[in-house]
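To start, the structure under review is shown below, and the notes come after it.
Since every read-out is calculated from the coordinates, none of them should be taken as a lab result. Just so it is clear, the structure is predicted and the values come from calculations on it, not from any experiment. With ideal geometry, Cβ positions are generated from the backbone for all residues, glycine too; neighbour counts draw on all protein chains shown.
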Amino acid sequence: MTTLDPFVIAGPILVVVADIIVYVAVGKLGTKSSGKGGKYQPFTGGEEQIPARGTYESELFVFAALFMVVEAFALILAGSFASPTNLYPLLFLGGGGGVILVVTWWLLNVGGMRQ
Amino acid sequence: MIAVEVAEILLFPGLTFFVWIAFLFDWLDRKTSARMQERVGPLVAGPWGILQPVADFFKLTSKEEIVPEFADRFIFFLGPPLFFAAPAIGIMFIPVVGTAAIVSNQYDLLFVLFIIAFSALMAAFLGYAAAGRWSTIAMGRLIAQYTGYEIPLIIALITPAILAHSLSITGIVAAQRGIWYIVLAPLSFIVFIISALAELEKPPFDIPSAKTEIVGGWMTEFSGRPLAYIKLTKNLSYAFLSALAVSLFLGGTLGPVLFADPTLQAGLDFIYFAVKLLAVGFIIFVVRTALARVRIDQAVRLFWMVVTPLSLVQLAIIMVLWWK
């Protein structure tokens, strides 16, 4: 069991904090505006007859969420590669195969292919 | 000691260094594509126009930042720095000087994979938060493309981990002292480059930001500082994914040992890394300029029917031939 380098946790936090500080500081360079009216409407690309905003496709989001859950499952299984036997790597392959099977099923039925 | 670690994370070889690499990549990308298309490319700001990306960044930050009427203000404000944080955190796990990264853990490759997924998800959130017509269409394309390239990308990155019996990027680099993994797993390297093009939204997979079809894609409604940050993030991801390819397939900082002095050798290792980084970047510059955009259905089909099986074939070969 190796000891955890505290910067594995502190490092990302430090980067995020520095990032937000710089972002806020850089914001002082330009002006910021919000409100109502033509200027604040979505960009039309110079066209008069633009298509209406696309409807919210919840299936696509369910698909993406499920995808990420199964992906996380496969990645956790991948952590088993330090194992001296090949049982866990085979489990990973099973997990990877499961990912492909599930997302393909979703893709064919309700998933991202139906746009 | 803590001050040194903080300086390494924020300055060199961490965030600030990679931000400059991101600007350099942007310039090289524009210059390479210009040369291939018989144009001159950036020429004015700095020698050979090398400071053009920096000038563009500061020009954008000084522009008016317009928040659309129906945009989700919270994500619109906080999204760009969080989007930037993903590759900025990822680069900490890449060894740049010597064989050890700034921070390292035995499972950092898995963390990096989550970071790559988070980056794509953040882009989708930003597109939807902008509440524009074009950005909504682009977000749908982005998610469809993401679900296509993510699996082969993961399999391609796990293959070196299997070869090295390690899920630490530092460990994988150290395991390549004998032979680089591009030799043992060339298909994984190719799959990684193809998937990286999709992750970076570079042609032929620039479908979510296709200018001639959906204006600026998911970035259409962004202006001023958020747009500057998003563009910088995309270039930082460019450098990050190239650095990841160098570490996992090209031996990272490893090369011939010429000096007995560790400081001099560490400097030489950095040069090896820089040369390899530019080489991988150059592959992406050339490929993205040479190829035309495909449709979203073609891209998804390509990833599921060709690239994913290709990555699995390489994984199977590795398991049969090299598993010990």
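Stretch B:L78-B:Q106 to full length: gain in nm at 0.36 nm per residue minus the Cα-Cα span?
On the way: separation 28, 0.36 × 28 = 10.08 nm, distance 3.09 nm.
7.0 nm is the gain from fully extending B:L78 to B:Q106.
Mark the label point 7 Å from the Cα of B:I271 along Cα→Cβ and return the residues of the range B:94-128 whose backbone N is within less than 20 Å of it.
Only B:95-100 fall inside the zone, counting backbone N under 20 Å.
Could you compute the net charge surrounding B:T212? Neighbours are other residues with a C-beta less than 11 Å from the C-beta of B:T212; K and R count +1, D and E count -1.
On the way: positive: B:K211, B:R293; negative: B:D206, B:E213.
It works out to a net charge of 0.
Would you mind counting up the charge near B:V97? Only other residues with Cβ under 13 Å from its Cβ, with Lys and Arg at +1 and Asp and Glu at -1.
Working: positive: none; negative: B:E8, B:D269.
Around B:V97, the surrounding residues sum to -2.
In the neighborhood of B:Q37, defined by Cβ-to-Cβ distances under 15 Å, what is the net charge if each Lys or Arg adds +1 and each Asp or Glu adds -1? Intermediate values should be presented prior to the final figure.
Working: positive: B:R30, B:K31, B:R35, B:R39, B:R288; negative: B:D29, B:E38.
Neighbourhood net charge equals +3.
Rg (Å, one decimal) plus Dmax (Å, integer) for the alpha carbons of the range B:54-321?
When restricted to Cα atoms, the range B:54-321 yields Rg and Dmax of 19.1, 63 Å.
Do any of B:K31/B:K276; A:K39/B:K31; A:K36/B:K234; B:K63/B:K234 go past 26 Å between their Cα atoms, and which? Before the final figure, lay out each step's value.
On the way: B:K31/B:K276 19 Å; A:K39/B:K31 35 Å; A:K36/B:K234 30 Å; B:K63/B:K234 20 Å.
Violating the 26 Å Cα-Cα cut-off are A:K39/B:K31; A:K36/B:K234.
Sequence gap at least 6, Cα distance under 8 Å: using those rules, report the relative contact order of chain B to the nearest whole percent. Walk me through the numbers on the way to the answer.
On the way: 490 pairs, mean separation 82.9, N = 324.
So the answer I get is 26 percent.
Is the shape of the range B:170-308 best called rounded, prolate or oblate, per the rule: a/c under 1.5 gives rounded, else a/b larger than b/c gives prolate, else oblate, with a ≥ b ≥ c the square roots of the Cα gyration tensor eigenvalues?
Oblate, because a/c is 1.5 or more while a/b does not exceed b/c.
Alpha carbon centre of the range B:171-199 versus the range B:258-324: separation in Å?
Using only Cα atoms to place each centre, the spacing works out to 5 Å.
State, to one decimal in nm, how far the label point of B:V313 lies from the label point of B:Q37, with both points 7 Å from Cα in the Cβ direction.
3.4
Within the range B:84-108, list the residues whose amide N lies under 17 Å from a label point set 7 Å along Cα→Cβ of A:V17.
Those under the cut-off are B:85, B:89.
Can you tell me the 0 to 90 degree angle between the C-alpha axis of helix B:73-90 and the longest principal axis of chain B, rounded to 10?
So the helix axis and the longest Cα principal axis differ by about 20 degrees.
Identify the GluC sites (Glu not before Pro) of the range B:1-73 meeting these criteria: DSSP loop state and at most 16 other C-beta atoms within 10 Å of the C-beta. Before the final figure, lay out the partial values.
Values: sites: B:E5, B:E8, B:E38, B:E64, B:E65, B:E69; in loops: B:E38, B:E64, B:E69.
Sparse-neighbourhood loop GluC sites (Glu not before Pro): B:E38, B:E64, B:E69.
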